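Shown next, in structure tokens, is the structure this report addresses.
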Amino acid sequence: MRKVREGEIFDVRYILGETAWPLVEWTGYGYRAKCDIICVGEPCRGGFFHLRQAIEVIPGRTITDKVTVWPRLRKALRLAGVKPVNIPGGGYPLHYRSQLAIPDYAMSGAHYFVIERSDVGKYLKALPLDERGKKRRAEFEARKRASEELE
């Protein structure tokens, strides 16, 4: 990982990841960071850099690369039309702890849905439960009623 300050010009041979394009601009002889960013990539000969992904640094927020496997949410995100982010090189996406990264196995390569944790209920509510989910909900409610009766 490499931290780049706003306005700093750095040499990039290739920008491979789509997360980097909104955060940098071409100056004619190098790329300038539009804001403070953290870059993930690899150095190459001649002092250049292959830029795989980038994320804006927001003070007070923690960056993570943890991935959450949640099949029902993945299906809900696909049905809602949320566009997955491609992370070239098979890495994990950088995101904040207030977000979730859900892998999308339907596409070839490393694709992830990155959404805010607060939006999870909205997406899950739009996806109706299947028979297995309805059965699990009924079992959960029965256990809940039984525990309330014991108290």
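Of all residues in region 17-28 being at pLDDT 85 or above, out of contact with any Leu (no Cβ under 6 Å at 6 or more places or on another chain) and of a type outside the set (V, I, T), which is farthest from I63 (Cα to Cα)? Step by step, filter region 17-28, then rank; the result is G28.
Condition check: modelled with pLDDT of 90 or more, loosely packed, with under 14 Cβ neighbours inside 10 Å and under 14 Å from the mean Cα position of the chain (by Cα). Does R97 satisfy that?
Judged against the criteria, R97 is a match.
Do we find that E6 is at pLDDT 90 or above, assigned to a loop (DSSP other than H, G, I, E, B) and out of contact with any Pro (no Cβ under 7 Å at 6 or more places or on another chain) in this structure? Judged against the criteria, E6 is a match. For region 58-75, filtering for residues that are surrounded by 15 or more Cβ atoms within 10 Å (Cβ to Cβ) and over 15 Å from A101 (Cβ atoms) leaves 1. G81 fulfils the conditions (1) surrounded by fewer than 18 Cβ atoms within 10 Å (Cβ to Cβ); (2) under 11 Å from the mean Cα position of the chain (by Cα); (3) closer than 30 Å to G133 by Cα; (4) not aliphatic (A, V, I, L, M) except for a single criterion, (2). Among all residues of region 134-151, there is none that is of a type outside the set (A, V, I, L, M, F, W, C), surrounded by 10 or more Cβ atoms within 10 Å (Cβ to Cβ), part of a strand (DSSP E or B) and out of contact with any Cys (no Cβ under 6 Å at 6 or more places or on another chain).
The values are calculated or read from the model by the stated rules, or taken from the named source; none is laboratory data. Note that the coordinates shown come from a computational prediction; the quantities given were computed from them, not determined experimentally. Don't worry about glycine lacking a Cβ; one is built from the backbone with ideal geometry, like all the others, and counts go over all protein chains shown.
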